[in-house]
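What follows is a short report on a single structure.
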Amino acid sequence: MNVTLKGDVREFAAGSTAADVAKSIGMGLYKSACAARIDREVKDLRTVLPGDCTLEILTFEDAEGKRVFWHTASHILAQAVKRLYPATKFAIGPAIEGGFYYDFDVEKSFSPDDLEKITAEMKKIVKEGLPLERVEVDAAEALELMKDEPYKTELIQEHAGKGEKISLFKQGEFVDLCAGPHLMDTSAVKAIKLTMATGAYWRGDSNKQSLCRVYGTAFPKASELEAHLAAIEEAKKRDHNKIGRELEYFTTVDIIGQGLPILLPNGAKVIQTLQRFVEDEEARRGYLLTKTPLMAKRELYKVSGHWDHYLDGMFVLGDPNDEEKECFALRPMTCPFQYQVFLNRMRSYRDLPMRLGETSTLFRNEDSGEMHGLIRVRQFTISEGHLILTPEQLEQEFAGCLELANFMMKSVGLADDVTYRFSQWDPNNTAKYEGTAEQWDEAQSLMKKILDDLDIKYEIGIDEAAFYGPKLDIQIKNVHGKEDTLVTIQIDMLLAEKFGMEYVAKDGTKQRPYIIHRTSLGCYERTLALILEKFAGALPLWLMPTQVMIVPISEAHADYAQKVKDALSAAGIRAEADYRSEKMGYKIREAQLRKIPYMLVVGDKEMEEGTVAVRSPRDENRGGTKPLEQFIEQAVAEIKNCEIF
């Protein structure tokens with residue numbers, strides 16, 4: 001059979017496994033291999049190749065390889081717990097971002113001392129080098145094997161009537177219900193760290209059994225584990241929940257509610273700066289500013305499809321099931337509102353493309369467990385826009401939306417941290433989506449052509465599309481490795497028909513427009529969180545709420561300090577002056593703790609010569625004594641150019 005490896009076709013004997021292929025390439029690759037991707041599906045290395053196929057050997061360097069490695073580590077954890085605490089009942093143990101966890105039903109939660117004992121036992125299992133063996137049995141046999149494990153039994157019973165085979169994995173004396181894939185044996189998991197034990201509920205339901213969840217991580221080398229743990233400590237320091245509160249960017253209040261942060265003056269100033277920047281840039285690019293209501297009657301959402309597909313995520317004012325009374329809902333997105341601008345009068349092809357932009361406040365009823373600082377909230381503000389256009393304009397306008405988004409990400413310093421996901425529908429989950437398979441194939445083919453023409457490197461996300469069309473999601477991770485969407489650009493070929501949107505074409509006929517849904521910077525609150533983490537609170541000068549701190553040496557220099565402050569303010573520079581009767585060193589240290597980019601010290605000499613003594617903690621080369629006018633000129637240029645340093 002012919003096996004294609006990175007474009008190179010090699011011949012192997014029928015019945016060869018992915019492991020056999022890895023060995024033939026080199027023992028170094030085989031020893032580092034975690035799994036294989038066979039015809040785009042991730043499989044065990046022990047999998048027999050089906051015949052002619054494409055094959056990729058996955059190591060710990062690959063995301064899928066990490067997941068297989070960590071999944072195996074979770075089984076080692078479960079085996080260690082079984083050896084030490086035989087009465088334990090086992091729930092589930094998946095790989096997660098950065099490691100793994102396993103849920104256990106125990107009399108009392110594991111203590112730090114318990115975790116040390118479990119870790120020691122895990123290391124013994126690793127040294128034993130136990131092979132993992134996949135076994136398929138029918139449901140009856142699986143139920144017999146797992147008769148003492150109520151959580152496993154529940155999972156098996158869900159498949160019992162379907163005639164499906166049940167997959168189990170054995171390692172030594174331990175057997176677990178699992179579909180895999182897994183490592184060949186336990187010996188590769190060299191470095192292990194159990195990080196904490198917390199509470200959890202079976203299947204995430206607070207009405208069900210309370211469990212003990214043990215989190216951990218593991219690596220092929222001790223040095224990699226050490227680097228990972230150091231990165232976690234750094235992430236804790238950079239977490240916007242910590243920095244944002246310490247530097248007074250935002251706060252939360254229990255009596256207001258979860259996911260409803262209060263932006264303090266510092267945070268409000270940054271978001272105001274971002275909003276003005278976005279709106280001005282969009283205006284330069286031909287966008288028309290709109291301002292639409294924060295709520296609407298349910299009838300609007302029924303037309304758009306949000307009532308059928310997004311009701312659980314909406315805040316509804318009134319009884320949604322009482323058709324006799326008016327019922328309103330806060331808007332989760334702006335599209336059906338902005339369409340009314342287009343529908344205000346009959347449009348011609350000469351009006352297109354119509355680029356509509358709005359700083360939109362949106363409301364989404366997220367689960368409590370999903371809330372996280374400013375990154376995931378229930379009320380947020382977004383740079384939302386919709387482009388209504390002819391089919392011929394689609395590719396050029398899509399490219400323009402992407403260029404704008406990339407420009408924005410570069411301006412705030414996040415351009416190097418993003419990845420691209422082509423989010424598509426799932427033809428096996430059609431209830432979630434509007435439209436026909438033909439319409440989806442057309443929309444996705446159009447987007448694929450556009451992305452390929454633009455040479456965008458993207459991953460495909462099945463079942464990640466909006467209910468009305470495919471989208472390009474620009475993804476980013478926070479300091480803890482959790483991925484969220486920062487910007488999205490979507491192609492919509494369905495909602496124009498629902499709203500009766502038409503334009504008069506060149507030939508005089510009425511045609512349906514295409515629609516692009518897009519954000520230019522995305523959610524402002526999320527962006528603020530991400531840049532706080534990226535720069536550890538030391539935001540670029542143009543975004544800092546206070547850009548310059550003036551420090552008079554004594555009270556005798558207060559008038560000159562005020563003169564300097566007035567000159568800075570007149571030039572559009574956000575400045576403060578510290579007139580307190582504290583020592584100069586104390587004032588400077590405090591300004592540094594606030595991450596203020598520039599401190600201007602003024603005394604007798606500066607007052608006589610019209611200069612300022614510039615201190616720049618971020619770049620010593622920008623410091624020194626300068627004429628006030630020169631400093632202002634340099635600072636204004638740095639702000640105008642959105643410099644990142």
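Rule-based calculations on the coordinates, nothing more; no lab input. Please read these numbers as outputs of a predicted model, since none were measured by experiment. Methodologically, a virtual Cβ is constructed for each residue, glycine included, from the backbone with ideal geometry; neighbour enumeration extends over all protein chains shown.
Annotations
- Centre-to-centre separation between the Cα atoms of the range 3-65 and those of the range 80-159: 28 Å.
- In sequence order, calculated HN-Hα J values of the range 312-324 (Karplus, 6.51, -1.76, 1.60; Hz; x Gly/Pro): 5, x, 10, 8, 9, 9, x, 8, x, 9, 9, 7, 7
- For the range 330-337, the Karplus equation 6.51 cos²θ - 1.76 cosθ + 1.60, evaluated at θ = phi - 60°, returns couplings of 5, 6, x, 7, 9, 3, x, 6 Hz by residue, with Gly and Pro reported as x.
- Projecting the Cα atoms of VAL548, TYR201, GLN475 onto the dipole axis of the chain, where Lys and Arg carry +1 and Asp and Glu carry -1 at the beta carbon, places VAL548 farthest toward the positive end.
- Least to most buried among ARG589, ARG421, ARG284 (fewest other Cβ within 10 Å first): ARG284, ARG589, ARG421
- Cβ charges +1 (Lys, Arg) and -1 (Asp, Glu), total dipole of the range 37-76, debye: 180
- Cα-based reach from LYS89 at 20 Å (exclusive), listing lysines while leaving out same-chain residues under 8 positions away: LYS108, LYS117, LYS147, LYS152, LYS170, LYS208
- The stretch between ASP417 and LYS108, if pulled fully straight at 0.36 nm per residue, gains 107.1 nm over its current Cα-Cα span.
- Of LEU289, ILE25, ILE456, farthest towards positive along the dipole that unit charges on Lys, Arg, Asp, Glu beta carbons give the chain: LEU289
- At 1.002 mPa s and 20 °C, Stokes diffusion of the range 1-94 via Kirkwood alpha-carbon radius, µm² per second: 147
- Semi-axis lengths, Å, the range 64-221, gyration tensor of Cα atoms, sqrt of 5 times eigenvalues: 23, 20, 14
- Placing +1 on the Cβ of every Lys and Arg and -1 on the Cβ of every Asp and Glu, with nothing else charged, gives the chain a dipole about its Cα centre of roughly 1040 debye.
- Distance between the range 567-596 and the range 262-335 - C-alpha centres, whole angstrom: 39
- Positive-end extreme of charge dipole, the chain - chosen from MET122, PRO627, THR334 (charges on Cβ): PRO627
- Within the shell of other residues whose beta carbon sits under 15 angstrom from the beta carbon of ARG40, the net charge comes to -4, with Lys and Arg scored +1 and Asp and Glu -1.
- Computed magnitude of the charge dipole of the range 2-59 (debye, nearest 20; Cβ of K, R +1, Cβ of D, E -1): 220
- Subtracting the Cα-Cα distance of GLU299 and ALA222 from 0.36 nm times their residue separation leaves 21.8 nm of extension gain.
- Distance from the range 485-543 to the range 200-238 (C-alpha centre basis), Å: 35
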